[in-house]
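Asks: Once you've had a glance at the structure underneath, I'll fire off some questions.
The values are calculated or read from the model by the stated rules, or taken from the named source; none is laboratory data. These numbers were taken from a predicted model, which means no experiment stands behind them. As a convention, Cβ positions derive from the backbone with ideal geometry for all residues, glycine included, and neighbour counts pool all protein chains shown. What goes into the accessible areas is simple: the full protein's heavy atoms, side chains included, and nothing from ligands, DNA or RNA. Shrake-Rupley method; radii C 1.70, N 1.55, O 1.52, S 1.80 Å.
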Amino acid sequence: MKRCSLFLILLLTTIPLAKASPNGAQLVDGMENTLWADSNHGRFSMRIETEYWTRELDLEAWMDRPDKTLIRIHAPKKESGIGSLRIKDAMWNYLPKVDRTIKIPPSMMLQPWMGSNFSNDDLVKESSFVDDYTHEIINSEQRDGHTIYRVRSIPKPDAPVVWSRLEFDIRADFVPLSMTYYGERDQVVKTMSYTDIRVMDGRKIPTRWTMTDADNTKSRTVIKIETIKFNVPLDDDLFTLRRLRNPR
């Protein structure tokens, strides 16, 4: 009996333990941490494309999760200095040409930011995918050497969101590949694709994000991450109306 017990112990200690598969909430939480960390500061380009015109913005952004975001436009010259500030569920836009600060009501959070395919909420992240939705893995597949999970996210009853559901494709290492937004009639409203995966500041992230409207594929917005630093110390004074109006 002792020999048998010793054999079982040796067998169990030499067999590699199977890595547990993540659940839906862990995948979405891991994705958000991969993209944003606890805080970040970066430079981005935003290219807005429509059937009739194209424009490009040079942006700088700071985020102190989960409550604070500041975005500043540096170019083109005619829009330089425009900024957006979020503190918890409040958001303001600053227009330097008229020296005016405008508070954005909750009803306007889904309106386009600067004419792009990204809404105010998309850019400043008022809503939380992890906190406002329940998450379920509905499919998985192997692609390019990675396990890809399809996660379906349904709003919690009292969550301040308008999407009937979201669906994500997320790699097992928490790198997102796509996100689909569904409207109240369960129709696809817009899609986000995450591509050009690179290592930036020590973590592997998608550096090209493309948002496309479902009803007009000729209308899309592409954000490219030029530089980014994660888990950086950010002064509380940065996220104030005074600094929104006066960046120096």
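Asks: Look at Arg198 and say whether it is surrounded by fewer than 15 Cβ atoms within 10 Å (Cβ to Cβ) and in a strand (DSSP E or B).
Replies: Taking the combined requirement at face value, the residue satisfies it.
Asks: Kindly establish whether Asp122 is over 17 Å from Met192 (Cβ atoms), out of contact with any Lys or Arg (no Cβ under 6 Å at 6 or more places or on another chain) and open to solvent by 20 Å² or more (accessible area, probe 1.4 Å).
Replies: For Asp122, the condition - over 17 Å from Met192 (Cβ atoms), out of contact with any Lys or Arg (no Cβ under 6 Å at 6 or more places or on another chain) and open to solvent by 20 Å² or more (accessible area, probe 1.4 Å) - is not met.
Asks: Would you confirm whether any residue within segment 84-92 is exposed (fewer than 15 other Cβ atoms within 10 Å of the Cβ), on the phi < 0 side of the Ramachandran plot and of a type outside the set (S, T, N, Q)?
Replies: Yes, segment 84-92 contains at least one residue that is exposed (fewer than 15 other Cβ atoms within 10 Å of the Cβ), on the phi < 0 side of the Ramachandran plot and of a type outside the set (S, T, N, Q).
Asks: Answer yes or no: is there a residue in segment 73-96 that is in contact with an Asp or Glu (Cβ under 8 Å, 6 or more places away or on another chain), closer than 19 Å to Glu167 by Cβ and modelled with pLDDT under 95.
Replies: No, every residue in segment 73-96 fails to be in contact with an Asp or Glu (Cβ under 8 Å, 6 or more places away or on another chain), closer than 19 Å to Glu167 by Cβ and modelled with pLDDT under 95.
Asks: Related question: Can you pull out the residues in segment 231-241 that are surrounded by 10 or more Cβ atoms within 10 Å (Cβ to Cβ) and charged (D, E, K, R)?
Replies: To start, the set of residues in segment 231-241 that are surrounded by 10 or more Cβ atoms within 10 Å (Cβ to Cβ) comprises 231-232, 234-235, 238-241.
Of everything in segment 231-241, just one residue is surrounded by 10 or more Cβ atoms within 10 Å (Cβ to Cβ) and charged (D, E, K, R), namely Asp235.
Asks: Would you mind stating whether Thr69 is polar (S, T, N, Q) and surrounded by 15 or more Cβ atoms within 10 Å (Cβ to Cβ)?
Replies: Considered against the rule, which asks whether it is polar (S, T, N, Q) and surrounded by 15 or more Cβ atoms within 10 Å (Cβ to Cβ), Thr69 comes out as yes.
Asks: Also, I was wondering about something else. Being more than 17 Å from Lys77 (Cβ to Cβ) and surrounded by 13 or more Cβ atoms within 10 Å (Cβ to Cβ) is the filter; apply it to segment 49-63 and report the residue that is nearest to the chain's Cα centre (by Cα).
Replies: Only one residue tops the list, namely Met63.
Asks: Still on this structure, I have one more. Check Tyr149, Tyr133 and return the single one that is in contact with a helix residue (DSSP H, G or I) (Cβ under 6 Å, 6 or more places away or on another chain) and surrounded by 19 or more Cβ atoms within 10 Å (Cβ to Cβ).
Replies: On the way: Tyr133 fails: in contact with a helix residue (DSSP H, G or I) (Cβ under 6 Å, 6 or more places away or on another chain).
From the options Tyr149, Tyr133, the qualifying one is Tyr149.
Asks: Just the residues that are of a type in the set (Val, Ile, Thr) and at pLDDT below 95, please, taken from segment 128-159.
Replies: Taking segment 128-159 first, the residues of a type in the set (Val, Ile, Thr) are 130, 134, 137-138, 147-148, 151, 154.
Within segment 128-159, Val130 is the sole residue that qualifies.
Asks: Do we have any residue at all in segment 9-24 that's under 41 Å from the mean Cα position of the chain (by Cα), surrounded by 10 or more Cβ atoms within 10 Å (Cβ to Cβ), at pLDDT 60 or above and aliphatic (A, V, I, L, M)?
Replies: no
Asks: Cβ-Cβ distance below 9 Å, separation of 6 or more or different chains: which pairs start in segment 19-45 with a residue that is among the hydrophobic types (A, V, I, L, M, F, W, C) and outside any helix (DSSP H, G or I) and end on one that is at pLDDT below 95 and surrounded by 15 or more Cβ atoms within 10 Å (Cβ to Cβ)?
Replies: Ala37/Arg65
Asks: List the strands (runs of 3 or more DSSP E) that sit entirely inside segment 69-162 and contain at least 2 residues that are among the small types (Gly, Ala, Ser).
Replies: Where strands (runs of 3 or more DSSP E) fall fully within segment 69-162 and carry at least 2 residues being among the small types (Gly, Ala, Ser), they are 83-87.
Conditions (1) hydroxyl-bearing (Ser, Thr, Tyr); (2) open to solvent by less than 20 Å² (accessible area, probe 1.4 Å); (3) at pLDDT 95 or above, marked per residue:
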site	(1), (2), (3)
Val161	no, no, no
Phe168	no, yes, yes
Phe174	no, no, yes
Tyr182	yes, no, yes
Asp186	no, no, no
Met192	no, yes, yes
Met211	no, yes, yes
Thr217	yes, no, no
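Asks: Something else: Evaluate segment 220-230: report whether one residue or more is in a helix (DSSP H, G or I), farther than 20 Å from Asn139 by Cβ and open to solvent by 80 Å² or more (accessible area, probe 1.4 Å). Before the answer, list the steps.
Replies: Looking only at segment 220-230, we keep the residues that are in a helix (DSSP H, G or I), and these are none.
Looking through segment 220-230, none of the residues is in a helix (DSSP H, G or I), farther than 20 Å from Asn139 by Cβ and open to solvent by 80 Å² or more (accessible area, probe 1.4 Å).
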